[in-house]
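The values are calculated or read from the model by the stated rules, or taken from the named source; none is laboratory data. Remember, predicted model here, so these are calculated numbers, not experimental data. As a convention, Cβ positions derive from the backbone with ideal geometry for all residues, glycine included, and neighbour counts pool all protein chains shown. Quick note on the areas: whole protein, heavy atoms, side chains included, nothing else; ligands and nucleic acids left out. Shrake-Rupley method; radii C 1.70, N 1.55, O 1.52, S 1.80 Å.
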Amino acid sequence: MMKKVRILFCVLTVMTFAMAGCSSKSASTSDKPTISSKTRDKISEYEGTIKSARNLNESGDYKASNKALNGIRVADLSNHGFGSLKTEYFQLQKSNDAFLLKKAKKQNQATGTNTGSGTTDLSTNNSFSSYPKFAGDYEFYNYDPDRLQSDLVIDSDGTVLQENTDGSSFHGVATISGINEGNVLSYDVTTDTNKTKKITANVKVTVTWSNGENETYYGYMSYDGNAVLTDGKSYDGDLVNEVWVKY
């Protein structure tokens, strides 16, 4: 009799552990965030955009590839389900920018050789070696498809490339120097909103564009550790004219 009781106890114990395991597995599965049909549609749309941008990149049409990528709202890429798209988005953008920046260097060199004839001097420099955090790829903050600005690339030798929403691009050369200037207008870039704030700039970046125009940006580090450039100018009443955030 005691032997039968022990056997029954063992069977019940095994069943209890098995059911607990199933319950635990079921609970962990239900805890996973679900993807809505609206999100799936957006992912499918962006997959098509990425495919088009990839094909353009592979065929050497880097400007058109970047223009296709402008159809993607970067903020969406941080949402659940967009991880692989986010990775490929930035890989494609960096690839496009690398080729376009190389082209900009050649254009700068060609212009630089003609400085004696009155054209703009776009000679490169090593000023960014003292401020390496401010060289790299930037995105236009508070993106608006009706505005021209999209992406900004500053190379370590000062070569600058601005990619625009209409597929055009500007190129030039930048120099950077240290400053300590307060009360400069910018956005609170950590909020993903158009809320403005006054900042203290640590650096000044002066860009000489190939058409001879000069532009000044004030640089600082945001609370989340990203380099930010602002021209400090107001725009459309309560906005900032140009703010770029490094990614």
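Quick notes
- Residue within the range 143-160 that is surrounded by fewer than 21 Cβ atoms within 10 Å (Cβ to Cβ), aromatic (Phe, Trp, Tyr) and at pLDDT 95 or above present: no
- When Lys197 is tested against the conditions (1) open to solvent by 40 Å² or more (accessible area, probe 1.4 Å); (2) touching a helix residue (DSSP H, G or I) at 6+ places or on another chain (Cβ under 8 Å); (3) assigned to a strand (DSSP E or B), the lone failure is (2).
- For Thr119, the criteria (1) over 19 Å from the mean Cα position of the chain (by Cα); (2) among the polar types (S, T, N, Q); (3) not in a loop (DSSP other than H, G, I, E, B) hold in every case but one, which is (3).
- Complete set of residues in the range 192-247 that are at positive phi and of a type in the set (Gly, Ala, Ser): Gly212, Gly225, Gly232, Gly237
- Scanning the range 90-98 turns up one or more residues that are out of contact with any helix residue (DSSP H, G or I) (no Cβ under 9 Å at 6 or more places or on another chain), within 24 Å of Gly158 (Cα to Cα) and surrounded by fewer than 18 Cβ atoms within 10 Å (Cβ to Cβ).
- Tally of residues being closer than 28 Å to Arg73 by Cα, modelled with pLDDT of 95 or more and either of a type in the set (D, E, K, R) or surrounded by 15 or more Cβ atoms within 10 Å (Cβ to Cβ) (or both) across the range 210-225: 7
- Residues that are in contact with a Leu (Cβ under 6 Å, 6 or more places away or on another chain) and among the aliphatic types (A, V, I, L, M) were ranked within the range 51-67; the one that is surrounded by the fewest Cβ atoms within 10 Å (Cβ to Cβ) is Ala64.
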